[in-house]
Amino acid sequence: MTREGALRPLALSVVLIAEGYASLGTEILALRRIAPWAGTSVDVTTVLLAAYLAALAGGYRRGGRLARDGDPRPRLAFRLSLAAALAAFWLSEPGILLAFGLPLPPLAQVAFYAVVGIAPVGWLLAECVLLAHACAPRAERSATAGRVFSLSTLGNVAGALVTTFVLLRFLGTAAAALILCAGLLAAAALSWRRAATGHALATAAVAILLSFDLYVEATTYVERNAFADYRITPLPDGRTALEVNNQRASGHDATGTGWAYVELLESTLCEAGETRVLVLGAAGMTLGQGAPCPIQPVFIDIDPAQPRIAADFLGVPHGAAGTFHARDARAFLRDNPGEWDAIVADAFSNWRSIPRHLLTVEFYRLVRSRLAPGGSLYVNHVAFPGDTLFLTRADRTLRSVFADCAVRELGGKLQADTGWHAARQTPRTVLYRCRRSPLDGDRAVYSDALPRADLDRGFLRGSGQ
C-alpha cells in the first residue's frame, strides 16, 4: 500500500530514468544543434554547459522547497510536460533560427540560446528530481535519496550513449529530440494522469514542432547526423555546392571544376608530381575530380557517411570518389607511418572553426613525420576581417615546424588588382604549401651582432638550392 502522493516503485523508476535521459540528452543535442552556427570551440561549449549546470543547481534548490508541502505529483507532471515543450522548441529549427538570427556577436548568440533556451529545461528537470524524491514511498531518507539520484544518473548515462551512438548516427537530430520529448511526456502521464489539458497542450506543441523539424530534415538535408548538417544546393553559376554546417565546403560542375583553392591544389600537386595524397577532411571528396593528372587521394574523416554523401553530391557510384577511412585525422596519422607525397589539412566543424587538435605544433610535427622527403603539407584556413590574432598565431605555429612555407590568398571577391588593405577586409581562403626540408626547425635570426645574411645567400647559391 503506497501513501498519498507516492508513486509506485516502477513508475518512479521510469520517471527518474526519463528525466535523467532528457537532462543529458538535452545538453548533447543543444551542442550538436548550435555547431553549424557557432562551431564547437572551447568557449562555445563552456558557455552552454556553464549555463546549464547553473540552472541545475538552481533547480535542485527550488525543487527541494517545492517538495515540502502538498501532493508533489501534479507539480512533477507539469514540469515534465513543460520541459518537453520547451526542449521541443529550442532543439528544433524555429528555436535555433530565433537565437542565431539575433543581431549579436556569435558568442552572445550562444549565451542567449543557453540562458533563455536550454537552461530553463535543465532547471525544470532538476526540480523534477526533488519532486520525484518526494513521491518515493516512505523509507529511510538517505536510502531514498541514494536510489533517486542513482536512477537519475543511470538515465544520464543512457541519454549520453543512446543519443550519441544510436539516435544521432542512424536517425538524425529531429528524431533524437522527438524520442527525448516523448519520454518526458510519458513520464508526465505516469506521474499525474488527471492533468489532461496541460499534458495535451504539451503533446501538441511537441508534435507540431518536431514534425516540422522532421520535415525540414527530410526535405532540406541530404544528411543530418551526429557530426554535421549536409545539404546540396545549386548555385547561380551552374555549379553545385555541398554545404556542411552552413559552410559551402565543396563545389563542382559537370566538368569537375570546384572551388578556386581546390583547382590550385590539383594543378600544384600535378606540377610537383605529388600524386599519393592524404586528405584530412573529406567533405564532398572533390579533390582529384577533373584534375589535370591522375591523383590518388585517400580521404580521412570522422563521419562514416562521407562516401554516401559524396556519391550523391558528385553523381558517381558509391566509393568511386576515392579511398576513404572513417577515423579522426590525428589518430589515423599516429597509427599509419607510411610516407605521403602530400597531405592536405582541410577539416572544419563549421565556417569559422577548425578542430583545435589539428592546429597545434604537435600535430604539424606528426604530419611532417608522415611526409616523404620533399613532400608537401597543404593547409586551408578561412580568414575573416578581425581574425588577425588567430591567423598570426596559426601562421607562427605552422612555420615553427616547417621552414619552407608559401601562402596564397584566394576568394570570390579577390581579384588580381585587389590591394593589400582591401584584401584584409574581405573573407578569403588562405592556402599554405609547406615543404618538408632539412631547414625545418631552424631558429636562427639575423642581428647586428651576427649579420650573416650574405654568407647564407652565398651558401644557398653554392649548394644549388
Could you list, in sequence order, all residues of the range 218-260 that are outside any strand (DSSP E or B), touching a strand residue (DSSP E or B) at 6+ places or on another chain (Cβ under 9 Å) and surrounded by 20 or more Cβ atoms within 10 Å (Cβ to Cβ)?
Phe227, Ala228, Asn245, Gly258, Trp259
Would you check if there is a residue in the range 95-118 being within 21 Å of Ser152 (Cβ to Cβ) and open to solvent by 20 Å² or more (accessible area, probe 1.4 Å)?
no
Could you list all residues from the range 153-174 that are open to solvent by 10 Å² or more (accessible area, probe 1.4 Å), under 18 Å from the mean Cα position of the chain (by Cα) and small (Gly, Ala, Ser)?
Ala160
Checked pairs for the range 110-131, first closer than 19 Å to Asp69 by Cβ, second open to solvent by less than 10 Å² (accessible area, probe 1.4 Å) and not in a helix (DSSP H, G or I), C-beta under 6 Å and 6 or more apart or across chains, list as Leu131/Pro72
Taking the range 379-391, which residues are in contact (Cβ under 8 Å) with a residue 40 or more places away in the chain and farther than 16 Å from Ala403 by Cβ?
Asn380, His381, Val382, Ala383, Phe384, Pro385
Of all residues in the range 391-435 being open to solvent by 30 Å² or more (accessible area, probe 1.4 Å), in a loop (DSSP other than H, G, I, E, B) and hydroxyl-bearing (Ser, Thr, Tyr), which is modelled with the lowest pLDDT?
Thr418
Helices (runs of 4 or more DSSP H) (entirely within the range 274-373) containing at least 1 residues that are open to solvent by 40 Å² or more (accessible area, probe 1.4 Å), at positive phi and at pLDDT 90 or above:
none
Which of the following residues is under 20 Å from Leu124 (Cβ atoms), surrounded by fewer than 16 Cβ atoms within 10 Å (Cβ to Cβ) and more than 21 Å from the chain's Cα centre (by Cα): Ala200, Ala182?
Ala200
Every residue from the range 309-328 that is over 19 Å from Gly251 (Cβ atoms) and of a type outside the set (Ser, Thr, Tyr)
Pro317, His318, Gly319, Phe324, His325, Ala326, Arg327, Asp328
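Listed here are the residues, each with its yes/no results for (1) among the small types (Gly, Ala, Ser); (2) touching a strand residue (DSSP E or B) at 6+ places or on another chain (Cβ under 6 Å); (3) touching a residue at least 12 places away in the same chain (Cβ under 8 Å).
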{"site": "Leu264", "(1), (2), (3)": "no, no, yes"}
{"site": "Glu271", "(1), (2), (3)": "no, no, no"}
{"site": "Val277", "(1), (2), (3)": "no, yes, yes"}
{"site": "Gly284", "(1), (2), (3)": "yes, yes, yes"}
{"site": "Gly288", "(1), (2), (3)": "yes, yes, yes"}
Of the residues in the range 55-101, how many are among the basic types (Lys, Arg) and either assigned to a loop (DSSP other than H, G, I, E, B) or out of contact with any helix residue (DSSP H, G or I) (no Cβ under 6 Å at 6 or more places or on another chain) (or both)?
3
If we scan the range 246-253, do we find a residue that is within 20 Å of the chain's Cα centre (by Cα) and of a type in the set (A, V, I, L, M, F, W, C)?
yes
Mind listing whichever residues of the range 437-459 are touching a residue at least 24 places away in the same chain (Cβ under 8 Å) and in a helix (DSSP H, G or I)?
none
For the range 226-283, how many residues are within 26 Å of Ala372 (Cα to Cα) and among the basic types (Lys, Arg)?
1
Please work out if Thr164 is under 28 Å from Phe227 (Cα atoms) and in a helix (DSSP H, G or I).
yes
Looking only at the range 119-142, how many residues end up being in a helix (DSSP H, G or I), open to solvent by 10 Å² or more (accessible area, probe 1.4 Å) and at pLDDT below 95?
5
Please go through the range 36-59 and give me each residue that is open to solvent by less than 50 Å² (accessible area, probe 1.4 Å) and either within 14 Å of Ala126 (Cβ to Cβ) or out of contact with any Asp or Glu (no Cβ under 8 Å at 6 or more places or on another chain) (or both), ordered by number.
Ala38, Gly39, Ser41, Val44, Thr45, Val47, Ala51, Tyr52, Ala55, Leu56, Gly58, Gly59
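The values are calculated or read from the model by the stated rules, or taken from the named source; none is laboratory data. Remember, it's a predicted structure, so these values are computed and weren't measured experimentally. Don't worry about glycine lacking a Cβ; one is built from the backbone with ideal geometry, like all the others, and counts go over all protein chains shown. All accessible areas refer to the heavy atoms of the entire protein, side chains included, with ligands and DNA or RNA removed. Shrake-Rupley method; radii C 1.70, N 1.55, O 1.52, S 1.80 Å.
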